[in-house]
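See structure below.
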């Protein structure tokens, strides 16, 4: 009986104390899996989201060690929602400080969506500290991707953030829309307009993310039980978000505004990266022989599959034996059955 209890304690999700990473920020991180196992850095998406136990799903928790930080202003990190001194170069420094704090010589990186951007930036800055990368639903920070999040796209999209703020306008320029959202999301007490915009944005995100599951459902003659379950959960989440659009403000809204303040901040600055920075990172990693496994849903309506296809092809021209590409019958979400299976295969295959 004792060995079973020890095994359970060994793999559970554990939140650690925060460490100062430069005023005003203190970073929280979470651990899971085997404390003596192969270390994996898990980078959450967003920007603005936080780490959660679901990030560990691709790992073999008996032999892998999960290390999942909450990026600046996110999750349990403090101050939540703070954009001051919050940019990609600072996030890279935070990750390196965490590696040193944990006494790790090297680690592998598993990341999805926005997390793939941070993973590439970190690996390019510290290539000798990275064994390999597994990147899901790679985000290229294009104007089209950013516009899609705010103007509505994918499954069931009949609303958008732009349409809420400028109902009579056909096409609002992205800089103007992002500037207006900055005004709405700043301050301690959310305005009615800010709250409406935040709730609308959350629902738009959910529907865009669900697009791939919907397409997978349509293409499956007999959807497997895991897909049925994932689709059912997603539909219930959308109904909840739609129902909450008219409720009174609460704690959940404060957290939503904090998350979207960070997201708007990074989208408005295109991830604080220079043009071509992600391409250069991909080529640099290939030249140094660092393995990169790309996993992307064919029906992704948030980050188009061409992102991973292009970067995988770019890396393969330099180091064909250090690059792989897995296109799955899914969308953007990492827990969709087809994508999760591919991630497990890549993570557990070894270097």
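The values are calculated or read from the model by the stated rules, or taken from the named source; none is laboratory data. Values in this document were obtained by computation on a predicted structure and should not be read as measured data. Please note: Cβ atoms are built from the backbone with ideal geometry, for glycine as well, and neighbour counts cover all protein chains shown.
With surrounded by fewer than 17 Cβ atoms within 10 Å (Cβ to Cβ) and closer than 26 Å to residue 344 by Cβ as the only criterion, which of 232, 250 stands out? I'd like the intermediate steps shown before the answer.
Working: 250 fails: closer than 26 Å to residue 344 by Cβ.
After ruling out the rest, the residue left standing is 232.
Residues checked against (1) loosely packed, with under 12 Cβ neighbours inside 10 Å; (2) under 25 Å from residue 336 (Cα atoms); (3) modelled with pLDDT of 75 or more; (4) assigned by TED's automatic domain parsing to the domain that holds residue 161:
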residue: 193; (1), (2), (3), (4): no, no, yes, yes
residue: 199; (1), (2), (3), (4): no, yes, yes, yes
residue: 206; (1), (2), (3), (4): no, yes, yes, yes
residue: 215; (1), (2), (3), (4): no, yes, yes, yes
residue: 221; (1), (2), (3), (4): yes, yes, no, yes
residue: 228; (1), (2), (3), (4): no, yes, no, yes
residue: 241; (1), (2), (3), (4): no, yes, no, yes
residue: 256; (1), (2), (3), (4): no, yes, yes, yes
Restricting to strands (runs of 3 or more DSSP E) lying wholly in the range 3-119: which have 3 or more residues that are farther than 26 Å from residue 209 by Cα and outside the structural domain of residue 205 (by TED's automatic domain parsing)? 19-22, 25-27, 29-33
